[in-house]
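Scroll down for the structure; my scribbles are underneath it.
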Amino acid sequence: MASSCETVWRDARLLTMRDGRFGLIEDGVIACRARKILYAGPANRAPKFEAEKIVSCDGRLITPGLIDPHTHLIFGGSRAHEFELRRAGKSYREIAEAGGGIWSTVCATREASDAALLKSALVRLDSLIAEGVTTIEVKSGYGLSLEQELRLLRLGRQLEQERNVKISTTLLAAHVVPYEYKADPDRYVSLICDEIIPAAVTAGLVDAVDVFCESIAFSLAQSEMIFRRAREVGLPVKVHAEQLTTGHGAALAARFGALSADHLEYLDESGIQAMAANHTVATLLPGAFYFLRETQVPPVEALRKAGIPIALATDCNPGTSPLSSLLTVLNLAAVLFRMSAEECIAGVTCHAARALGLQDSHGSLEEGKVCDLAIWNVSNPAELVYNLGLNPLHTRVRAGHE
Ligand code: NIG
Ligand code: FE
């Protein structure tokens, strides 16, 4: 008897992306029922389907819908003037220490209305969606007070109502010490632990907790307090670490079972060992590397050797990576970090899902997973990585719907 389903895509080449491999299926079929993949595999082994709709893909390539696992999508203002200062020779650190950097975006964000923040975030979101992105992580971190951080998380969740996309929200109250607490940063850490984290949980607005663990942001001891609190309330943690120095934030977060440690240009062997032991994903951000003219490449070969999954993300933010194109990230990772096409595509599918704790439901073309697809006007996977500024997306499918 034929199984009934809503849609069948046939005559497609499938990149299944299970366990980080292409898993190419030449003559593939995908069937979707109730938002999920009922079948993804070769045509000659497919059961008979009675579908409401049959789509012929004319040999096009289908990948899982892309996942951007690290963004700061919601913010006010622009930092184009800082871009100019940096061109003239000032460093990211110097600008931050002079009151610019993250803090200047905090001021602009606090002043902006909900409507204005949503409007500008939607422009960036639409750019990602246009390239086949179906899941996006969105961090708070430009509010830095109880009220403002919750507002940013709420706006993050609201994006799911505005567009057909899955949003994962991360609390990054520990982005930088706000001006009001400069004299007593530990008091701000207490505010995060005692008020902001519990309130975000009670409001049901948060999927993970992140800390910028760096000399210009939060110390190891402060980061540890925040990770401890997050674990107490049952939230997974993530970290911005080893971006400017070897601060050992990645190892610390890994010991708290972090989903991911992100940036990692200055990661050392002890950090790699801790990440491997705790199954922490390495999320690399080649946009920030490029934009800051960083020269220290993250230890990609050592990560490979340790068997650590590598995810890739835009890090879309106004200061270090004003980038709303995940396809560009693939090219940057291939050119600057010498990652293979297979590694790049795994970085924005299965490994990106793992970086968000979504590996059981997203990131590969497998039975039972959410039917998020990107159908491309290419037949060779390397084309997705090789081209710059060309968008070969044919159709995006989110939870079974185009
Ligand atoms: O991921 N490192 C901290 N956070 C951002 C920068 C944010 C900003 O400069 O506004 C990052 O690079
Ligand atoms: Fe970031």
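The values are calculated or read from the model by the stated rules, or taken from the named source; none is laboratory data. Since this is a predicted model, take the numbers as computed values, not measurements. When we count neighbours, we look across all protein chains shown, and the Cβ atoms used for this are built from the backbone with ideal geometry, even at glycine. Accessible surface is based on the protein model in full, side chains and every heavy atom, while ligands, DNA and RNA are left aside. Shrake-Rupley method; radii C 1.70, N 1.55, O 1.52, S 1.80 Å.
Here are a few things to note about the model shown:
- Look at (1) within 16 Å of ligand 1 (Cβ to nearest atom); (2) open to solvent by 70 Å² or more (accessible area, probe 1.4 Å); (3) under 22 Å from the mean Cα position of the chain (by Cα) and you find that residue 21 fails only one, number (1).
- Among the residues of segment 267-289, not one is open to solvent by 10 Å² or more (accessible area, probe 1.4 Å), in contact with a Leu (Cβ under 7 Å, 6 or more places away or on another chain) and either more than 14 Å from ligand 2 (Cβ to nearest atom) or at positive phi (or both).
- Scanning segment 31-40 for residues that are touching a Ser or Thr at 6+ places or on another chain (Cβ under 8 Å) and open to solvent by less than 10 Å² (accessible area, probe 1.4 Å) gives 31, 32.
- Considered as a group, the residues in segment 4-18 that are among the basic types (Lys, Arg) and in a strand (DSSP E or B) include one that is surrounded by the fewest Cβ atoms within 10 Å (Cβ to Cβ), and that residue is 10.
- Highlighted here are the strands (runs of 3 or more DSSP E) found entirely within segment 128-215 that include at least 1 residues which are of a type in the set (Ser, Thr, Tyr) and either farther than 22 Å from residue 263 by Cα or more than 16 Å from ligand 2 (Cβ to nearest atom) (or both): 133-139.
- Single unsatisfied condition, residue 88 versus (1) of a type outside the set (Phe, Trp, Tyr); (2) within 16 Å of ligand 1 (Cβ to nearest atom); (3) modelled with pLDDT under 95: (2)
- Number of positions in segment 127-148 that are open to solvent by less than 10 Å² (accessible area, probe 1.4 Å) and either more than 19 Å from the chain's Cα centre (by Cα) or not acidic (Asp, Glu) (or both): 13
- Answer residue from segment 268-291, given it is assigned to a strand (DSSP E or B) and within 12 Å of ligand 1 (Cβ to nearest atom) and is farthest from residue 244 (Cα to Cα) among those: 283
- From the list 233, 189, the one residue that fits, being buried (at least 17 other Cβ atoms within 10 Å of the Cβ) and among the hydrophobic types (A, V, I, L, M, F, W, C), is 189.
- Pair list, Cβ under 8 Å, 6 or more apart: segment 181-210 residue in contact (Cβ under 8 Å) with a residue 40 or more places away in the chain, other residue open to solvent by 40 Å² or more (accessible area, probe 1.4 Å) and among the hydrophobic types (A, V, I, L, M, F, W, C): 191/146; 195/146; 196/146; 199/146
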